[in-house]
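This report refers to the structure that appears directly beneath it.
The values are calculated or read from the model by the stated rules, or taken from the named source; none is laboratory data. Because the structure is predicted, anything quoted here is derived from the model rather than measured. In this analysis, Cβ positions are derived from the backbone assuming ideal geometry, glycine residues included, and neighbour counts consider all displayed protein chains.
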Amino acid sequence: MSLRILVGCKRVIDYAVKIRVKPDKSGVITEGVKHSMNPFDEIAIEEAVRMKEKKIAKEIVAFSCGPTQCQETLRTALAMGADRGIHVEVSGPEYETLQPLHISKMLAKLAKDEQIDLIIVGKQAIDDDCNQTAQMTAALLGWPQATSASKIEAKDGSLQVVREIDGGLETIKVKLPSVVSADLRLNEPRYATLPNIMKAKKKPIKKLAPKDLGIDVSPRIQVVTVEEPPVRQAGAKVENVDAVVEKLKALGHA
Amino acid sequence: MSQHSRVMTLYKTLLHLGKEYPGGYPYFRNKLKNAFMKNSSLKDPKEIDSAIARGEFVIKELEALYMLRKYRALKKRYYED
């Protein structure tokens, strides 16, 4: 098998950063905040690179949509082992209203243009937690989907995927071409060390605009307000078990 | 690769890794500089080799630290036990 894999990489606020809501409640502060690749997307890239190392895949194309800084995310993907990158550039304000549907349309168009056999994306982005892109992309292409994958095995023209679901693990078989979304336990992504980042500078990144792909990026959903979660109330200490029961009854938990 | 360029590459790689250090980049950079300065007077190639090997071990440790930290944070955030 020699698959051509398309991997979606989203540039998000780094997972370790403390998020602050903008005073006007329109969103989250992103100016001057450390950004990095969505952890689930790192897992997706790692899986694609492992498939290439096992000679199941022949080429890995990394894709990212957003402002100019997304090139850094693509460079990380290239440093991890992707062969080339595609950057669909949208301006800052347009990026704030970009939604999974737009990304799915881009992925679907690119999959047809670049003759992709497999699309791997992260299960969800840690900023919007939508968990929609893989599913929508599969629907737009009419391809089978295997979401929340924790293990992928390639066997002549199809994939055997173990999915993490509420009840436990589900094993399904999907024919290629298909869309897979990576879950946390699929693999442990390699770190993009400086020598690899240097080598990745030679790899090409193609720049496109949404209109080159024929995609309208106007929003379908409007964010009404973004608020911080309520501040945790202080607990109360009690003397003994009876006092605990009293308090619980008083609060309405019988 | 000459020994000098190996040491330089090691320093640059560690510096790059330090950007994600939980204790802060300035703290890491200081510690790194001091550690390299302490060994700057080494002359014997074998000793330099073992110092480089120690540096490469630190790289592996840092990568493991970052990976574990990220995994635990995501597991706590997204998966109920």
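The set of residues in segment A:2-16 being in contact with a strand residue (DSSP E or B) (Cβ under 6 Å, 6 or more places away or on another chain) and not in a strand (DSSP E or B) consists of A:SER2, A:CYS9, A:ASP14. For segment A:77-102, the candidate set comprises residues that are more than 17 Å from A:LEU213 (Cβ to Cβ) and at pLDDT below 95; within that set, the residue that is surrounded by the fewest Cβ atoms within 10 Å (Cβ to Cβ) is A:PRO93.
Table: residues versus (1) surrounded by 10 or more Cβ atoms within 10 Å (Cβ to Cβ); (2) not hydrophobic (A, V, I, L, M, F, W, C).
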| site | (1), (2) |
| --- | --- |
| A:ARG190 | yes, yes |
| A:LYS199 | yes, yes |
| A:ALA209 | yes, no |
| A:ILE215 | yes, no |
| A:PRO230 | no, yes |
| A:GLU239 | no, yes |
| A:VAL244 | yes, no |
| A:LEU248 | yes, no |
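What about A:GLU153, is it out of contact with any Pro (no Cβ under 8 Å at 6 or more places or on another chain), surrounded by fewer than 18 Cβ atoms within 10 Å (Cβ to Cβ) and modelled with pLDDT under 95? Walk me through it before giving the result.
Values: out of contact with any Pro (no Cβ under 8 Å at 6 or more places or on another chain): yes; surrounded by fewer than 18 Cβ atoms within 10 Å (Cβ to Cβ): yes; modelled with pLDDT under 95: no.
Here the answer is no, as A:GLU153 does not meet what is asked.
Looking at this structure, is A:ARG163 surrounded by fewer than 19 Cβ atoms within 10 Å (Cβ to Cβ), part of a loop (DSSP other than H, G, I, E, B) and either more than 14 Å from every other protein chain (Cβ to nearest Cβ) or not aromatic (Phe, Trp, Tyr) (or both)?
Working: surrounded by fewer than 19 Cβ atoms within 10 Å (Cβ to Cβ): yes; part of a loop (DSSP other than H, G, I, E, B): no; either more than 14 Å from every other protein chain (Cβ to nearest Cβ) or not aromatic (Phe, Trp, Tyr) (or both): yes.
Taking the combined requirement at face value, the residue does not satisfy it.
List the helices (runs of 4 or more DSSP H) that sit entirely inside segment A:45-129 and contain at least 2 residues that are within 18 Å of the chain's Cα centre (by Cα) and touching a residue at least 60 places away in the same chain (Cβ under 8 Å).
Of the helices (runs of 4 or more DSSP H) lying wholly inside segment A:45-129, those with at least 2 residues that are within 18 Å of the chain's Cα centre (by Cα) and touching a residue at least 60 places away in the same chain (Cβ under 8 Å) span A:70-80, A:100-113.
Restricting attention to segment A:17-44, the residues being in contact (Cβ under 8 Å) with a residue 12 or more places away in the chain, within 14 Å of another protein chain (Cβ to nearest Cβ) and either in a loop (DSSP other than H, G, I, E, B) or among the hydroxyl-bearing types (Ser, Thr, Tyr) (or both) number 4.
Between B:LEU62, B:LEU32, which is under 14 Å from B:LEU10 (Cα atoms), aliphatic (A, V, I, L, M) and facing another protein chain (nearest Cβ under 10 Å)? First the steps, then the outcome.
Values: B:LEU32 fails: facing another protein chain (nearest Cβ under 10 Å).
Residue meeting the stated conditions: B:LEU62.
You will find that of B:GLU20, B:GLU47, the residue that is within 13 Å of chain A (Cβ to nearest Cβ) and acidic (Asp, Glu) is B:GLU20 and no other. Looking across segment A:188-202, the residues that are in a loop (DSSP other than H, G, I, E, B), under 22 Å from the mean Cα position of the chain (by Cα) and either of a type in the set (S, T, N, Q) or more than 9 Å from chain B (Cβ to nearest Cβ) (or both) come down to A:ALA192, A:THR193. When residues in segment B:39-81 are screened for being of a type in the set (Phe, Trp, Tyr) and within 21 Å of the chain's Cα centre (by Cα), 3 of them pass. Of the residues B:LYS12, B:LYS70, the single one that is surrounded by 15 or more Cβ atoms within 10 Å (Cβ to Cβ) and either within 14 Å of another protein chain (Cβ to nearest Cβ) or modelled with pLDDT of 95 or more (or both) is B:LYS70.
When segment A:1-18 is filtered for residues that are farther than 22 Å from A:ILE120 by Cβ and loosely packed, with under 13 Cβ neighbours inside 10 Å, only A:LYS18 remains.
So for segment B:33-48 (the condition being of a type in the set (A, V, I, L, M, F, W, C) and outside any helix (DSSP H, G or I)), does at least one residue qualify?
yes
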